[in-house]
Amino acid sequence: MADAYAKGTRRVYGVSWRFFEEWCAKRAIAPAAATPEIVATYLESRLSGGLSSRACTREYGGLAAHLRDLQADGPWLPGSPPDVVLRWLKGAHKRARPAVKKRPLLPEHFTQLADRPLNGTLTAARDRAILLFGFAGGFRRSELVGLDVTDLELGAEGAIVHIQRSKTDQDSTGAHIAIWRQHDRRCPIAALEHYLRWSRIEDGPLFRSIRRDKLLGTRLYEDAVARIVKAAVASLGLNPREYAGHSLRCGFVTAAAMRGATLDEIMNTTRHRSADQVIAYIRRATPFERNASKGLLEDGPPLHRSIPEPTASCGRGHVDRAHVGSYCLQGECGEERGVPSPVRRIELRRS
């Protein structure tokens, strides 16, 4: 399993397996010979103990990965749980409470943070760089802490960042994103340069652990990003339980959408494979845009609006609800989800 998964995934799967071994030891069960029924029973105990259904699904992924290595002819096929486990997972999701979405960090939060002077420590400089740079790049936590100094190209316009590996790039193909300098005290490039000058880091991990304001050589863990975000929002008087490391990434999408960035511009930075998640962020950020209730009960001039006209690339006759901008969202269409299609707009008048 060592070569098949990213380092962060191996760490999470290892924790899941250790919990399972402890559970089995209390019941005199050999974990290496576990059956689907035993795994389903274990997952039920984890769910009853307070673990969410989504976390149980992740937990199952870790168990299945280990059991595939231990049982050559076992039923633990990738992406295809045994029937007993699959039925349990579906039932757990139906019983689960809706997932609580973490709130995004937005520019106004950074304005409040920027108004507060640094407390003169290296830790404060690092944390400010993580917050601003992580937000401006729409990074995942693993991508942010996985950066090396040599992955950066700093210039007059901003920074080119080489992301060597990510959640959706397990083959390490790599990707490059650009982050502009901002003519503002909230500039992420200025915050990063300030941290680099203070820390005097020239190579190796970019964001490192600090103890008693002394820089260590060890790379920062992903969980540290969440702690930094929670500490920042707590200093603003907000509830830290409503924010997490992901607040930087979803905050980028939300803020970019509110400023009018297009879907492809946002996805070019975030590197989402599917447009669905990005569109969900956009709709939460701009709930009154493209909303059919506008003016519904008002007397006044006719409402003018534009909708996409179906074209050859959208041969199923999809209309306004099937598109966001010029993107067809229908899976059965000739175009893949989120792939630009040449949608021509026509004006309709309501009489």
Inter-part distance where segment 224-248 and segment 259-298 are each reduced to a Cα centre, Å: 24
I'd like the chymotrypsin sites (Phe, Trp or Tyr not before Pro) in segment 222-304 restricted to DSSP loop residues with at most 13 other Cβ atoms within 10 Å, sorted by number. 288
Can you give the net charge of the other residues whose Cβ lies under 10 Å from the Cβ of residue 240, counting K and R as +1 and D and E as -1? +2
Which shape class, rounded, prolate or oblate, goes with segment 7-95 when its Cα gyration tensor gives a ≥ b ≥ c as root eigenvalues, a/c under 1.5 marks rounded, and past that a/b bigger than b/c marks prolate? rounded
Just to be sure I understand: of the beta bridges DSSP finds with both ends in segment 107-256, what percent are antiparallel, rounded to 5? 100
When ranked by the protection proxy of mean other Cβ atoms within 10 Å per residue, highest first, what sequence do the peptides 223-234, 138-149, 20-31 form? 138-149, 223-234, 20-31
State which entries of 230/294; 94/230; 7/90 exceed 32 angstrom in Cα-Cα distance in the structure shown. 230/294
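Throughout, read-outs are computed from the coordinates displayed, never taken from laboratory work. Everything numeric in this text was worked out from a predicted model, so none of it was measured. Here Cβ is always computed from backbone atoms with ideal geometry, including for glycine, and neighbour counts include all displayed protein chains.
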